[in-house]
Every structure is written in C-alpha cells, then in structure tokens.
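Working notes for the structure below.
Taken together, the values in this text are just the output of simple stated rules run on the coordinates, not laboratory data. For clarity, every value in this text was computed on a predicted model and none was experimentally measured. So basically every Cβ, Gly included, is an ideal-geometry build from the backbone, and we count neighbours across all protein chains shown.
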C-alpha cells in the first residue's frame, strides 16, 4: 500500500479568477494524511484537451512541421517563431481523431487518414489541466489538398516546414526545436524507426 492511498483531498472552494481564451482558477483544498492536514491554495490554468501529431512522409523521409508565433516565448526574450508538430485544442466533447484531422488540414494542407494513437500526457500537471493526445500519421505528396497556414479568422500565421527526421532530431540538440510536444513525438519516432518504413 502506498502512503498516497491514505491521503484525503477535500475541495474547500474553486473560484474562477479570470476567463478568456482559457480559464484561471483559484482552488483552496485540504490535503491530509496520517492525522496531519494542511489547507493549500493553488492556481490552476484550465486548458481542456488537445491533440498533436507527427506527420511523416515515409517515401521522402520527411516530417511535416509548422512554425508559428508564440507570445510566451517572446515574453521570455527568445525568438518567438517556434517550430512545432501540428496540434490544436479540442472542442468540448469532440473526438480526438476528428479534431486531429481538422487541425492538420487547417495547418498543413495535408489530408490524413487513419492516424495512429500513440499516448496521452499532461504537459505541466503542477499547474495546467491540459491533456494532449499524441498521434502518428503517414502522408504522401498527393495528400496535400489545401494550402494550409492556419485560419485567417483565428489570426493564425503558420509556415510549413518539411525536414528529414534526422534533421529534425538534430534540431532538438541544437536548441532550434524547443516545443515539448514536438520533442516527444520526434523522440518516439527515433525509438520506433522500424515502424516508419514504407
């Protein structure tokens, strides 16, 4: 039996501090174990669920990535145009695969079929509720049916990049790829190269 099996968590209050594109909540709770209890306060950034995908063309041995503006990176004083795997937030109640197919078409112009679910992960569980569902999808040049680049009405401004898997992996080491979800997908590919063969 783990000591955590004897832990009690009782929510005292759950208040919305700010609501916009996402929601910031202030949660006060009692956390106790073995006769000891503490009243704690955490701020939680509520982001819902999202999808991310490694889009790979096995015939050309290229991964399809997008570069886009990221304000938090800019505020950290770093170059704000970040190279990432296609990804996006899910609508409440939406099927992850349907969300993924829509996001990939909007961002890259590629129409994907039969994406393979890899795993799910919380990206920063100490402060953010966001759970990302990770996928792998193979494409060919003929699957590019639209321009991509994101949606104008959402003020998206994306640039498409096609890199060899080796180039993309080297860009993690060089610091040119800093996005966690992209690193996770590329490392999955590096560990599973035999599954990427045409």
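Couple of notes before you dig in:
- Checking each residue in segment 87-98 for being in a loop (DSSP other than H, G, I, E, B) and buried (at least 17 other Cβ atoms within 10 Å of the Cβ) picks out only 90.
- Test set (1) farther than 27 Å from residue 91 by Cβ; (2) within 23 Å of the chain's Cα centre (by Cα) - residue 52 fails condition number: (1)
- Boolean, residue 173 is surrounded by fewer than 13 Cβ atoms within 10 Å (Cβ to Cβ) and assigned to a helix (DSSP H, G or I): yes
- Test: residue in segment 152-160 that is under 24 Å from residue 24 (Cα atoms), in a loop (DSSP other than H, G, I, E, B) and more than 18 Å from the chain's Cα centre (by Cα): yes
- Qualifying residue in segment 77-86 (condition: over 16 Å from the mean Cα position of the chain (by Cα), surrounded by fewer than 17 Cβ atoms within 10 Å (Cβ to Cβ) and farther than 17 Å from residue 158 by Cβ): yes
- Note on segment 112-143: residues that are free of Cβ contacts under 8 Å to residues at least 60 places away in the same chain, part of a loop (DSSP other than H, G, I, E, B) and more than 13 Å from residue 101 (Cβ to Cβ) amount to 4.
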